[in-house]
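Read the structure below first, then the notes.
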Amino acid sequence: MGWIPSEIEEYCINHSTRPGEAARELQKYTKESVHGSNMLIGEMEGSVLKFLITLGRVKNVLELGTYTGYSALVMAEAIPHDGKVITIDINPKTSEIAQEYWAKSPHGKKIKQILKPGPEALKEIHETFDLVFIDADKNNYPNYLTWALDHLSPQGIIVTDNTLWSGKVLQSGVDAQTDSIRKHNDQAAALEGYIKTLLPIRDGMFLIQKG
């Protein structure tokens, strides 16, 4: 679903911080050659993530859902040289693409990938993160949010993608994925001691920060 006219989105992108060369090449390759390229966060959302990372002085990032590695690379560009992005996915083919393009960027060395199902991988991670980006299997969104809340550093930020789900979230009982996203959104909205905002950027970005 397009929330704003494409011309307006392009205008915004052209007046925002752009990704590095390797990230631009990766986006182009993914759109032209990889199935499901609509899963890319795109430059507008990437610019928002970079802004949040810089504003929040984010150093350590945990990402759920790598796909072809565009979002991980964009975030790696924004964190300091001694920061890190841990990204989790289960698809070895798209992960190979990610590794190839990360190697082309000086920021790729900041990225570590874990190739396991999200719930399984998270059981082995006990540190805290300045930013948790949730963009993986929708049926686990409430579980991922619960984990993120327990592993967030002081003033940490959670960003969850696809929280409008092409507008399906306006109705209950559409399907299991939609109901899971609705549960995540309601869970986030009910949090006390947190600042929350659900933005209609692309397919919805839910921002959650400790107050």
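The values are calculated or read from the model by the stated rules, or taken from the named source; none is laboratory data. Small disclaimer: the values here were computed from a predicted structure and weren't measured. Backbone-built Cβ (ideal geometry, glycine too); neighbour counts: all protein chains shown.
Observations on the structure shown:
- Taking residues in region 115-130 that are of a type in the set (A, V, I, L, M) and assigned to a strand (DSSP E or B), and partners anywhere that are modelled with pLDDT of 95 or more and exposed (fewer than 14 other Cβ atoms within 10 Å of the Cβ), the pairs with Cβ atoms closer than 9 Å and at least 6 places apart or on different chains are Leu115/Pro92.
- Any chance Ser166 is crowded, with 18+ Cβ neighbours inside 10 Å and either modelled with pLDDT under 95 or hydroxyl-bearing (Ser, Thr, Tyr) (or both): no
- Residues of region 1-48 that are part of a helix (DSSP H, G or I), among the aromatic types (Phe, Trp, Tyr) and surrounded by fewer than 16 Cβ atoms within 10 Å (Cβ to Cβ): Tyr11 alone.
- Checking Ile157, Ile195 one by one, the residue that is surrounded by fewer than 17 Cβ atoms within 10 Å (Cβ to Cβ), closer than 21 Å to Leu52 by Cα and in contact (Cβ under 8 Å) with a residue 12 or more places away in the chain is Ile195 and no other.
- Restricting attention to region 169-192, the residues being surrounded by 20 or more Cβ atoms within 10 Å (Cβ to Cβ) and touching a residue at least 40 places away in the same chain (Cβ under 8 Å) number 3.
- Scanning region 61-86 for residues being farther than 25 Å from Lys138 by Cβ and not in a helix (DSSP H, G or I) gives a total of 6.
- Test: Ser105 is without any contact (Cβ under 8 Å) to a residue 60 or more places away in the chain and surrounded by fewer than 23 Cβ atoms within 10 Å (Cβ to Cβ): no
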